[in-house]
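Below is one structure, written out as structure tokens, with a few remarks after it.
The values are calculated or read from the model by the stated rules, or taken from the named source; none is laboratory data. Since we're looking at a predicted model, the values are computed, not measured. For neighbour counting, all protein chains shown are included, and Cβ atoms are generated from backbone atoms with ideal geometry for every residue, glycine included.
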Amino acid sequence: MAYAYKGFFRAEWEIEGKRHTRMTDILATGSKKNKDKANALQKQWREEMLAEMRAAEANRVRNPKGKIVDQTLDEAVAEYFEDHEGQWSGIKDIEADFNRIVGYLGPTFMISDIDTETIIDMVNKRKKEFMTLRTKDGKPKIDKETGKPKPRKLVSARTVNISVGERMKWFLSHMESKGRQIQPIRWEVVWVKETPRHTEFSYEHEQLMLKTYRKDHLPALCFALAGGPRREQFVDLRWDHIDWRKRTITFKSLKKQARKGQEPKPYVLAMTPSIENLILSQIDPETKKPYNPEYVWTYIGKRTFWNNKTGQDHVTGERYRLTYEGIGTEWARWKKAQKLTNVRMHDMRHAAGGRLAEACSDPLIVRDSMNHGDLGTTERYMGSVRLELMRQAQLAREALDAKRMQVEVPTENPTQNPTRLWA
């Protein structure tokens with residue numbers, strides 16, 4: 001049937017106990033003619049869906065108990081997305097990757113026919129494709145120095161592995177868990193060798209930032225380096241996230257950090273005097289009130305203009321809330337001015353984790369301070385300091401052995417003092 005909803009007719013029907021709705025463009029007036037049109041459209045859509053379901057059923061393979069063991073790629077991908085609805089971040093990229101995969105193989109390709117060679121063929125096709133260098137309005141990006149469109153680049157090996165290899169690995173694993181007949185895949189021959197990208201935020205970068213960076217942005221960046229939160233978390237820090245009595249900061253949870261069927265664990269950061277001073281810098285010394293009543297980090301407007309995104313005027317000299325895009329734009333300008341290519345803003349989080357690991361050998365403290373989901377991620381921060389910790393442990397062990405054996409621990413190189421005798 002069709003019924004009025006927000007000035008238009010909405011079609012509704014049920015198939016196999018599942019309810020479906022779809023808006024029409026027919027005005028919901030008192031005319032019986034319009035309602036008949038909407039009902040006819042509802043009937044047409046229902047028949048089309050039934051026809052699609054019958055066509056899909058014709059391509060399904062069921063076992064004697066009636067359970068699906070094979071189906072078309074198009075239907076399997078749709079089922080995969082339905083099973084993971086609301087669980088993914090970056091859903092647009094995932095959809096684009098699977099649309100590309102369906103385009104490679106065709107919508108009627110049976111998932112039981114996907115083997116190692118099939119995935120390698122897709123990988124080889126993906127390796128020959130170019131990156132999309134376009135602005136938000138779809139226009140090609142222009143090189144400011146030459147005035148010409150930027151040259152196209154082949155997608156990186158990392159992109160190939162993610163958009164084909166990883167997508168197919170998780171997809172096939174999920175469908176196999178649902179009882180589909182999936183061929184064993186030799187994943188070790190699927191992966192494309194990646195060139196490791198080394199970026200690091202060093203103490204030299206920190207000194208350069210403190211000397212040359214835009215002063216009203218510095219408190220937020222120094223806070224990110226001191227505490228190590230992700231950009232989307234520290235930029236959106238609110239005053240009500242701060243517990244001054246407990247001296248803690250509780251950041252908003254990220255959906256991507258939550259495990260399936262669980263709420264994301266809270267990210268609580270202990271407030272130190274240096275972090276407190278950075279936060280207090282966002283309070284007007286004259287009025288004793290925050291520059292922004294809701295958000296902590298602010299900046300001073302450098303020019304007057306109308307901001308279409310916020311729907312308000314920006315006036316030179318006034319304070320405004322610092323945004324995710326705004327701090328990213330300023331970071332890109334600073335990198336270009338300082339001719340830096342091997343450092344990212346996210347590297348400050350890595351630097352915070354690495355420095356904390358140097359000062360604290362307990363990986364559990366590092367894990368919770370960085371809000372990692374598991375210790376496997378934390379190990380990447382501990383790796384750079386593990387050798388020094390091993391050396392300290394070895395020295396302590398040698399001293400203990402010497403004490404128990406009642407011998408002197410050598411402190412000189414015997415080759416430089418060959419007459420020295422060890423007691």
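Summary of computed values
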quantity: Residue match in segment 287-294 (condition: touching a residue at least 40 places away in the same chain (Cβ under 8 Å) and in a strand (DSSP E or B)); calculated: yes
quantity: Residues (of a type in the set (A, V, I, L, M, F, W, C) and outside any loop (DSSP other than H, G, I, E, B)) located in segment 269-286; calculated: Leu269, Ala270, Ile275, Leu278, Ile279, Leu280, Ile283
quantity: Hey, Gly106 exposed (fewer than 12 other Cβ atoms within 10 Å of the Cβ), modelled with pLDDT under 85 and not basic (Lys, Arg) or not; calculated: no
quantity: Hits in segment 325-350 (condition: assigned to a loop (DSSP other than H, G, I, E, B) and under 15 Å from Ala220 (Cβ atoms)); calculated: Met345, His346
quantity: Test: residue in segment 84-101 that is among the charged types (D, E, K, R), within 17 Å of Gly165 (Cα to Cα) and either more than 26 Å from the chain's Cα centre (by Cα) or part of a loop (DSSP other than H, G, I, E, B) (or both); calculated: no
quantity: Residue selected from segment 327-372 under the condition surrounded by 15 or more Cβ atoms within 10 Å (Cβ to Cβ) and of a type in the set (Gly, Ala, Ser), by the criterion farthest from the chain's Cα centre (by Cα); calculated: Ser361
quantity: Residues (of a type in the set (A, V, I, L, M) and at pLDDT 90 or above) located in segment 56-77; calculated: Leu73, Ala76, Val77
quantity: Test result for Glu176, of a type outside the set (A, V, I, L, M, F, W, C) and closer than 23 Å to Asp115 by Cβ; calculated: yes
quantity: Search result, residues across segment 295-313 that are of a type outside the set (Ser, Thr, Tyr), over 16 Å from Arg214 (Cβ atoms) and assigned to a strand (DSSP E or B); calculated: Phe305, Trp306, Asn307, Gln312, Asp313
quantity: Matching residues in segment 12-51 - criterion: being among the aliphatic types (A, V, I, L, M), under 27 Å from Glu82 (Cα atoms) and modelled with pLDDT of 85 or more; calculated: Met23, Leu41
quantity: Residues that are at negative phi, under 38 Å from the mean Cα position of the chain (by Cα) and among the acidic types (Asp, Glu), drawn from segment 1-47; calculated: Glu12, Glu14, Asp25
